[in-house]
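**Q** A single structure is presented below for examination.
The values are calculated or read from the model by the stated rules, or taken from the named source; none is laboratory data. Quick caveat: nothing in here was measured; it's all calculated off a predicted structure. Cβ placement follows ideal geometry from the backbone for every residue including glycine, while neighbour counts extend to all protein chains displayed.
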Amino acid sequence: MTTVFPSPVAVDGSSRDDVVLRVGADPGSVRWGTLPARGDEPLATVASGAVVVFDTLSHEGILEDQGRDPIAFFGAQGVAPDDVLDDAIRVASVGDHPAGSGPHVVSRPIAVEGARAGDWLRVDVLRLTPRVPYGVISNRHGKGVLADELPRGGTTVSVFARATERDGQLYGVIDRTGPDAVAAYRAATKGSHLGVVTDPRGASDALMFLLHPFLGIMGVTPNTDEHLNTVPPGDFGGNLDINLLTEGTSLYLPVQVDGAGFTVGDPHFVQGNGEVSLTALEASLTAELRLTVVPHDRFVADFGELSGPLVETPRYWVPTGRSHDLDVALRRCVREAISLLETRAGMDEAHAYAYLSAAVDFDISEAVDVNLGVHACIPKDDLTRR
């Protein structure tokens, strides 16, 4: 199979001249299923404002219900062994995946000089590049919005997707019907063949959709000695699954422990709001991120007293809220939005509340990760228009 994407890095290991560190996804550089905890030794320490390159690894194709054998799993979909990532093979082979933990492969913590608990860490998403031209969308029994209905039969369904470039745009390609990747893998291990996903070049039975790569997990180390499951997001960030966090955006995270202990993972080619079947189009990315400490007082002066992550895009300020209860998540997001408007736009709470009701969309980030997420898109132009 021919990879259609450009190399994410130059020969010297970076596509930029200000990169100070590259973090791979080998077993010694990642955690599988759990987040970093207070007291963990950082993988490295960087200065505030440093650019770090992360080779992130998707968990899809290496999990136990997919055989924990990415060469065989992806091979059943026509992927050549040479097109399976070496780190996927190594992590699947020797990685420690604790029973009952989450599925995600995340980086060990990166400390940022000068970060103190109470400060904020600004993460600028500079570049996101696919590492492979394929990925997987999964639905597992007991999970997803229709957990009591799908998948039928109670077995994991993993839909394989290829990626292709057309007229300068990246697209995902899936078949409209047919066996899923888990069924194909199981058939292949028994010596039979169920077919592979349609070649993307003009096949009438394929469905194509635009890709918008982003990282599902970006977070700081939680203030606990427990290595938390990677699935539920929190005020520390983590598995936020906010699909707005594409290239050219920023994420502000409230620092929980000195040094921040930044971690990243769960790379996505694209995801719909809600992430209803359980996963996005999960696929490995190389991410170039800038990590900058924002002192507490400066953040409060700019944005108010927020409790959880804030997203900035070229068009929107995006406050967030999370809870096991979607109604509570919405209320928390509304409160964060009011606080932001009081500080950023000089509004009182009554007028901020009215404006939010009239002009701002509140969207479900994800409805499948134990703590459900809501985010609000406040147009920047509204706050400066005269």
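**Q** Taking the range 26-44, which residues are farther than 13 Å from PHE236 by Cβ, touching a His at 6+ places or on another chain (Cβ under 6 Å) and of a type in the set (Gly, Ala, Ser)?
**A** If the condition is that a residue be farther than 13 Å from PHE236 by Cβ, touching a His at 6+ places or on another chain (Cβ under 6 Å) and of a type in the set (Gly, Ala, Ser), then GLY33 is the only one that fits.
**Q** Here's another thing I want to ask about it. I'd like to know if the range 58-74 contains one or more residues that are farther than 15 Å from GLU282 by Cα and touching a strand residue (DSSP E or B) at 6+ places or on another chain (Cβ under 8 Å).
**A** No, the range 58-74 contains no residue that is farther than 15 Å from GLU282 by Cα and touching a strand residue (DSSP E or B) at 6+ places or on another chain (Cβ under 8 Å).
**Q** Can you say whether VAL370 is in the same structural domain as GLY259 (by TED's automatic domain parsing) and surrounded by fewer than 19 Cβ atoms within 10 Å (Cβ to Cβ), as far as the supplied structure shows?
**A** For VAL370, the condition - in the same structural domain as GLY259 (by TED's automatic domain parsing) and surrounded by fewer than 19 Cβ atoms within 10 Å (Cβ to Cβ) - is not met.
**Q** May I ask you to verify whether ALA111 is hydrophobic (A, V, I, L, M, F, W, C), in a loop (DSSP other than H, G, I, E, B) and surrounded by 15 or more Cβ atoms within 10 Å (Cβ to Cβ)?
**A** It is false that ALA111 is hydrophobic (A, V, I, L, M, F, W, C), in a loop (DSSP other than H, G, I, E, B) and surrounded by 15 or more Cβ atoms within 10 Å (Cβ to Cβ).
**Q** So, in the range 1-38, how many residues would count as being among the β-branched types (Val, Ile, Thr), modelled with pLDDT under 50 and surrounded by 15 or more Cβ atoms within 10 Å (Cβ to Cβ)?
**A** 1
**Q** With the requirement that a residue be in contact with a Ser or Thr (Cβ under 9 Å, 6 or more places away or on another chain) and not in a strand (DSSP E or B), what does the range 120-142 give you?
**A** ARG131, VAL132, PRO133, ARG140, HIS141
**Q** Within the range 35-84, work out how many residues are hydrophobic (A, V, I, L, M, F, W, C) and more than 30 Å from GLU226 (Cβ to Cβ).
**A** So the count comes out to 9.
**Q** Please tell me if ARG332 is charged (D, E, K, R), in contact (Cβ under 8 Å) with a residue 24 or more places away in the chain and closer than 27 Å to ASN229 by Cβ.
**A** Yes: the conditions hold for ARG332.
**Q** Looking only at the range 156-169, which residues are in contact (Cβ under 8 Å) with a residue 40 or more places away in the chain and under 24 Å from GLY75 (Cβ atoms)?
**A** Listed by number, the residues that qualify are THR156, SER158, PHE160, ALA161, ALA163, THR164, GLU165.
**Q** Something else about it: Looking at (1) in a helix (DSSP H, G or I); (2) in contact (Cβ under 8 Å) with a residue 60 or more places away in the chain, which one does ASP363 not meet, given that it meets all the others?
**A** For ASP363, the failing item is (1).
The rows are residues; the columns are (1) farther than 14 Å from HIS212 by Cα; (2) touching a helix residue (DSSP H, G or I) at 6+ places or on another chain (Cβ under 8 Å); (3) buried (at least 21 other Cβ atoms within 10 Å of the Cβ).
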{"residue": "GLY135", "(1), (2), (3)": "no, no, yes"}
{"residue": "GLY142", "(1), (2), (3)": "yes, no, no"}
{"residue": "VAL145", "(1), (2), (3)": "yes, no, no"}
{"residue": "PRO151", "(1), (2), (3)": "yes, no, yes"}
{"residue": "THR155", "(1), (2), (3)": "yes, yes, no"}
{"residue": "ASP167", "(1), (2), (3)": "yes, no, no"}
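**Q** If you don't mind, another one. Among the residues of the range 260-268, is there at least one that is part of a loop (DSSP other than H, G, I, E, B) and either touching an Asp or Glu at 6+ places or on another chain (Cβ under 9 Å) or under 19 Å from VAL136 (Cα atoms) (or both)?
**A** Within the range 260-268, one or more residues are part of a loop (DSSP other than H, G, I, E, B) and either touching an Asp or Glu at 6+ places or on another chain (Cβ under 9 Å) or under 19 Å from VAL136 (Cα atoms) (or both).
So that you can scan it fast, the table gives a plain yes or no per residue for (1) within 24 Å of GLU247 (Cα to Cα); (2) not β-branched (Val, Ile, Thr); (3) not in a strand (DSSP E or B):
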{"position": "ARG290", "(1), (2), (3)": "yes, yes, no"}
{"position": "VAL300", "(1), (2), (3)": "no, no, yes"}
{"position": "ILE338", "(1), (2), (3)": "no, no, yes"}
{"position": "MET347", "(1), (2), (3)": "no, yes, yes"}
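**Q** Test CYS377 against the criterion of being in contact (Cβ under 8 Å) with a residue 60 or more places away in the chain and either among the hydrophobic types (A, V, I, L, M, F, W, C) or assigned to a loop (DSSP other than H, G, I, E, B) (or both), and give yes or no.
**A** Yes; evaluated as a whole, the condition is true for this residue.
Yes/no per residue for (1) among the polar types (S, T, N, Q); (2) under 27 Å from the mean Cα position of the chain (by Cα); (3) at pLDDT 95 or above:
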{"position": "GLY142", "(1), (2), (3)": "no, yes, no"}
{"position": "PHE160", "(1), (2), (3)": "no, yes, yes"}
{"position": "THR164", "(1), (2), (3)": "yes, yes, yes"}
{"position": "GLN169", "(1), (2), (3)": "yes, yes, yes"}
{"position": "TYR185", "(1), (2), (3)": "no, yes, no"}
{"position": "LYS190", "(1), (2), (3)": "no, no, no"}
{"position": "LEU207", "(1), (2), (3)": "no, yes, yes"}
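**Q** Please determine whether any residue of the range 72-86 is under 13 Å from ASP26 (Cα atoms) and small (Gly, Ala, Ser). Even if it seems obvious, please write down each step before you answer.
**A** The first filter runs over the range 72-86 and keeps only residues under 13 Å from ASP26 (Cα atoms), leaving 85-86.
If we keep only those that are small (Gly, Ala, Ser) as well, we get none.
No: zero hits.
**Q** Next up: Being under 26 Å from GLU312 (Cβ atoms) and surrounded by fewer than 20 Cβ atoms within 10 Å (Cβ to Cβ): is that true of THR129 here?
**A** Here the answer is yes, as THR129 does meet what is asked.
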